[in-house]
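Nothing in this text is a laboratory measurement; each read-out follows from the coordinates by a stated rule. Please read all numbers here as calculations on a predicted model, not as lab measurements. No Cβ is skipped: glycine too gets one built from the backbone with ideal geometry, and neighbour counts run over all protein chains shown.
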Amino acid sequence: NHLKKYYPITGGVFGKTVGTVKAVDDVSFSVKTGETLGLVGESGCGKSTTGRSVMRLIEPTEGEVLFAGKAVTSLDQQELRKLRRDMQIVFQDPFASLNPRHNVESILEEPLIVHGIGSASERKKRVLEMLEVVGLTSYHAKRYPHQFSGGQRQRIGIARALMVNPKLVVLDEPVSALDVSIQSQVLNLLQDLQKEFGLTYLFIAHDLSVVRHISDRVGVMYLGRIVELADKDALYSNPLHPYSQALLSAVPNPDPDIKRERIILQGDVPSPANPPNGCTFHTRCSHVKEICRSIRPTFRDAGNGHFVACHLYGE
Ligand code: SF4
Ligand code: MG
């Protein structure tokens, strides 16, 4: 609820604060049990910062995160550690997130040790089970991260996240570093695991086709804000926000009945250290009106849970 993450910009010899980067600037959304909510946007739009703030890997500047009714943002470190069993994260680059000096067995065992789960033999058994669940075998347990392909490493990253039986998994660009041919295998695995274990996903990506494949609902982010949020089908067949329309016009549509003209956005994304007033998209929007330059559009329901922040709708 109203999540913000601001970073001070320091400069000069005395390291004085000379500005603020508004990486996440008043973001609100909910993820329903068992669903996949996709967050999509260009790099630097704040989607990863949002995902990490939800987990409190980053302390949000303002706002509140609730998990099953509990305020994650006001837990002390000990309570937070307990809650981490329920909330796990998978990172984009499995190579960077796996300790190169540990073999797979010890990488997968570690979360169990941290949370004090099981005896040594129970933990080993669980490691072997989980390797199989993600499509690897006991043969892989004694091997090291560099001995695996990118796709296999991401399977290990996923296995590690699932070791403690989490309820929510934040997936931060989990297939972006993989070859296209491997991406769909990992996405299918994630979907199978979701069904098997009743997982809830917050799925972060910049690739609209990937998000479409896996999500139930999708939020589109621009400059630290969610500008549109809707059921996947509603968003992809009828995007309301001019930014979403431009983003979607650039991806091939599998439905031949939907013909879209390619919308080319003018200019670059403005700096989050100096975002435009009013609607932050107004410097690039072809529908811009006077009001857009000074007044920030509120996030409102345009009907059937299709939320949009744009003056074209109902203001
Ligand atoms: Fe464009 Fe105005 Fe809508 Fe912003 S509020 S997207 S500038 S029409
Ligand atoms: Mg990112």
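GNM, the chain, Cα, under 10 Å: largest mean-square fluctuation among Ser30, Ser215, Ser53?
Comparing Ser30, Ser215, Ser53 in a Gaussian network model of the chain, the most mobile one is Ser30.
Give the separation of the Cα centroids, region 1-59 to region 155-222, in Å.
Their Cα centres are 20 Å away from one another.
How big is the Rg/Rh ratio for region 1-113, C-alpha atoms only, Rh by Kirkwood, two decimals?
Rounded to two decimals, Rg over Rh is 1.02.
Taking amide hydrogens as modeled 1.01 Å from N in the peptide plane, which residues meet the under 5 Å criterion relative to Lys5, leaving out close sequence neighbours?
Under 5 Å from the amide H of Lys5: Ala23, Val24, Asp25, Asp26, Thr61.
In whole angstrom, how far apart do the alpha carbon centroids of region 227-305 and region 74-112 sit?
The distance from the Cα centre of region 227-305 to that of region 74-112 comes to 36 Å.
In sequence order, what are the phi-derived ³J(HN,Hα) couplings for region 105-112 according to the Karplus relation 6.51 cos²θ - 1.76 cosθ + 1.60 with θ = phi - 60°, rounded to whole Hz, with x for glycine and proline?
3J(HN,Hα) across region 105-112, in whole Hz: 4, 6, 4, 6, 6, 3, x, 5.
Please report the antiparallel percentage of DSSP beta bridges with both residues in region 3-308, rounded to the nearest 5.
On the way: 22 of 40 bridges.
Of those bridges, close to 55 percent are antiparallel.
Would you mind ranking His2, His241 so that the residue whose beta carbon has the fewest other beta carbons within 10 Å leads the list?
Placing the least packed residue first, the sequence is His2, His241.
Which whole-Hz ³J(HN,Hα) couplings does region 162-171 yield from phi under the Karplus relation 6.51 cos²θ - 1.76 cosθ + 1.60, θ = phi - 60°, glycine and proline marked x?
Per-residue couplings from phi come out as 8, 3, 9, 6, x, 9, 10, 10, 8, 10 Hz.
From the alpha carbon gyration tensor of region 82-221, can you work out the equivalent ellipsoid semi-axes (sqrt of 5 times each eigenvalue) and give them in Å, largest to smallest?
24, 17, 13
How large is ³J(HN,Hα), in whole Hz, for each residue of region 144-160 in order, when computed from phi with the Karplus curve 6.51 cos²θ - 1.76 cosθ + 1.60 and θ = phi - 60°, using x for Gly and Pro?
10, x, 5, 8, 10, 6, x, x, 5, 4, 5, 4, 5, x, 5, 4, 4
Hey, what's the Kirkwood Rh for region 36-84 if you take every pair of different alpha carbons, in angstrom?
About 11.8 Å for region 36-84.
Under 5 Å between amide H atoms, partner at least 5 residues away or on a different chain: which partners does Tyr222 have, H built in plane at 1.01 Å?
Val227
Report, in deg cm²/dmol and to the nearest 500, the calculated mean residue ellipticity at 222 nm for the chain, where each DSSP H run with n ≥ 4 adds -39500 (n - 2.57) and the sum is divided by the residue count.
Result for the chain: -9000 deg cm²/dmol, rounded to the nearest 500.
How big is D for region 3-308, in µm² s⁻¹ as a whole number, if Stokes-Einstein is applied with the Kirkwood radius of its Cα pairs at 10 °C and 1.306 mPa s?
The Stokes-Einstein estimate is 76 µm²/s.
Can you list residues from other chains, or at least 5 along the same chain, whose modelled amide H is less than 5 Å from the amide H of Ile89?
Under 5 Å from the amide H of Ile89 lie the amide H atoms of Val170, each far enough along the sequence or on another chain.
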